[in-house]
1. Among the residues of segment B:46-66, which ones are of a type in the set (Phe, Trp, Tyr) and buried (at least 21 other Cβ atoms within 10 Å of the Cβ)?
2. Can you name the residue in segment B:164-178 that is surrounded by fewer than 20 Cβ atoms within 10 Å (Cβ to Cβ) and either touching a strand residue (DSSP E or B) at 6+ places or on another chain (Cβ under 8 Å) or outside any loop (DSSP other than H, G, I, E, B) (or both) and, of all such residues, is farthest from the other protein chains (Cβ to nearest Cβ)?
3. Which members of segment A:178-211 meet the condition of being within 21 Å of B:VAL176 (Cβ to Cβ), within 21 Å of the chain's Cα centre (by Cα) and of a type outside the set (A, V, I, L, M, F, W, C)?
4. Please go through segment B:6-37 and give me each residue that is outside any helix (DSSP H, G or I) and at the interface with chain A (Cβ under 9 Å from one of its Cβ atoms), ordered by number.
5. For the structure I just gave you, tell me whether A:MET196 is more than 30 Å from A:SER70 (Cβ to Cβ), in contact (Cβ under 8 Å) with a residue 12 or more places away in the chain, in contact with a helix residue (DSSP H, G or I) (Cβ under 8 Å, 6 or more places away or on another chain) and within 9 Å of chain B (Cβ to nearest Cβ).
6. Might you let me know whether segment A:84-104 holds any residue that is basic (Lys, Arg), modelled with pLDDT of 85 or more, surrounded by fewer than 19 Cβ atoms within 10 Å (Cβ to Cβ) and outside any helix (DSSP H, G or I)?
7. Does A:VAL203 count as facing chain B (nearest Cβ under 9 Å) and on the phi < 0 side of the Ramachandran plot?
8. Quick one: in segment B:67-88, which of the residues that are surrounded by 13 or more Cβ atoms within 10 Å (Cβ to Cβ) and assigned to a loop (DSSP other than H, G, I, E, B) is modelled with the highest pLDDT?
Amino acid sequence: MSENMDNNKESLFSLKNRKLLSNPLSKENPISVQVLGICSVLAITVQLRASIVMAISVIAVMGFANVIISLLRKTIPPRIRIIVQLTVIASLVILVDQILKAYVYDVSRQLSVFVGLIITNCIIMGRLEAFALYNKPWPSFLDGIGNAAGYGWVLLTVGFFRELLGSGTLMGYQVIPDALYEVGYENNGFMILPPMALITVGVIIWVQRHRDRELIDVS
Amino acid sequence: MEELASIFVRSIFIDNMVFAYFLGMCSYLAVSRTVNTSVGLGFAVIFVLGITVPINFLLENYVLGKGALSWLGSGFADVDLSFLTFIMFIAIIAAMVQLVEMIIEKFSPTLYSSLGIFLPLIAVNCAILGGSLFMQERNYANLAEATAFGLGSGVGWFLAIVGIAAIREKIRYSAVPAPLRGLGITFIITGLMGIAFMSFMGIEL
């Protein structure tokens, strides 16, 4: 019995569980490989600050949604599971929205409808469908956090480059020295425009697949 | 009438769901491999947006908004249920998608089988919820305006997905660098299309 307990404890961070956390960061990245949850990556990455807030919100919603659905997985009737999942996600998103409005109102204004759109962020639905419905709470939690973090780092990378090249600032502080502007350097106003987010993500995918040849699309 | 036409055209070109707001990107990228399927999905999106935006408009104005419940009696005049917006909108959308699916299955089995799995997918298409949330944010004056906005957004999304599907069908024969093939080049093409669509920006109708 005690051995069994030990095994259970061991397995909290066993290789398999660590994989759940680390795979979505690279090989199964929700954005660049699974193509889930693109909408918000593109729309709110003009500034790094908004990207960070969004990434944290998604991590929170996703971790908890996965745990809740995983706990309920045996009681949810399959026919109405989509409505149940959406209700759980929507309740969590309402919480996040209220917290953002209370503590970081300016960022909440900037994110506008995209906080609400976390509900339909397909990463969350996708992971609930594919993972949380069939697995225990702890692995589901790790899977949720892992996928949300995989989403988060792409978000931050895109936000970093767009803010740096587009406005010469990071988190609102100027980082490109004035001397450079005097020599004739100009901010690339193009980076602030929405289409450049798509091209930035395209380049991230390019770099990632160049380094990891397994991911190349053969079709 | 002129106002309606202006909202309709604006929501197709200037405020295009895909190119200006990046909504509905997931299904846009996943389903755009061939023109046929994307036409099917595009029509389904037009249909669902055209139904859910007006319904959510009514919901917003007669149930959820601040003071919207005053038609029930003066005691309800300052009830503000707006914190329930997300959950109500998404419930309406999920229910509508389910309903549309059943209606189509009953009356047009051929259309049903050709749309297949795309219908339930629409419930989580962010363009649909986004349509309702933008409708709420922009305070359209009446039901007709909201409907025009819903339909226009749907048509804009339809144009975008059919366009990218056609390009993807052709680009299969080009020498794209291997790591960029598939997803990567699709992103970049969408970016270029977005830049093209930006030329509509600032046009006053």
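1. The first filter runs over segment B:46-66 and keeps only residues of a type in the set (Phe, Trp, Tyr), leaving B:47, B:57, B:62.
Scanning segment B:46-66 gives a single hit, B:PHE57.
2. To start, the set of residues in segment B:164-178 that are surrounded by fewer than 20 Cβ atoms within 10 Å (Cβ to Cβ) comprises B:166-178.
The next check asks that each one be either touching a strand residue (DSSP E or B) at 6+ places or on another chain (Cβ under 8 Å) or outside any loop (DSSP other than H, G, I, E, B) (or both); those that pass are B:166-171, B:178.
Values: B:ALA166: 17, B:ILE167: 14, B:ARG168: 11, B:GLU169: 12, B:LYS170: 15, B:ILE171: 12, B:ALA178: 5 Å.
Here the answer is B:ALA166.
3. Going through segment A:178-211, the residues within 21 Å of B:VAL176 (Cβ to Cβ) turn out to be A:195-211.
Filter once more, so that each one left must be within 21 Å of the chain's Cα centre (by Cα): A:195-209.
Matches in segment A:178-211: A:PRO195, A:THR200, A:GLY202, A:GLN208, A:ARG209.
4. Within segment B:6-37, the first condition is being outside any helix (DSSP H, G or I), and the residues that meet it are B:15-16, B:22-24, B:32-34.
Within segment B:6-37, B:PHE22, B:LEU23, B:GLY24, B:ARG33 meet the criteria.
5. Working: more than 30 Å from A:SER70 (Cβ to Cβ): yes; in contact (Cβ under 8 Å) with a residue 12 or more places away in the chain: yes; in contact with a helix residue (DSSP H, G or I) (Cβ under 8 Å, 6 or more places away or on another chain): yes; within 9 Å of chain B (Cβ to nearest Cβ): yes.
Yes.
6. no
7. On the way: facing chain B (nearest Cβ under 9 Å): yes; on the phi < 0 side of the Ramachandran plot: yes.
Yes; evaluated as a whole, the condition is true for this residue.
8. B:LEU81
The values are calculated or read from the model by the stated rules, or taken from the named source; none is laboratory data. Only a predicted model underlies this, so the values are computations on that prediction, with no experimental measurement involved. Methodologically, a virtual Cβ is constructed for each residue, glycine included, from the backbone with ideal geometry; neighbour enumeration extends over all protein chains shown.
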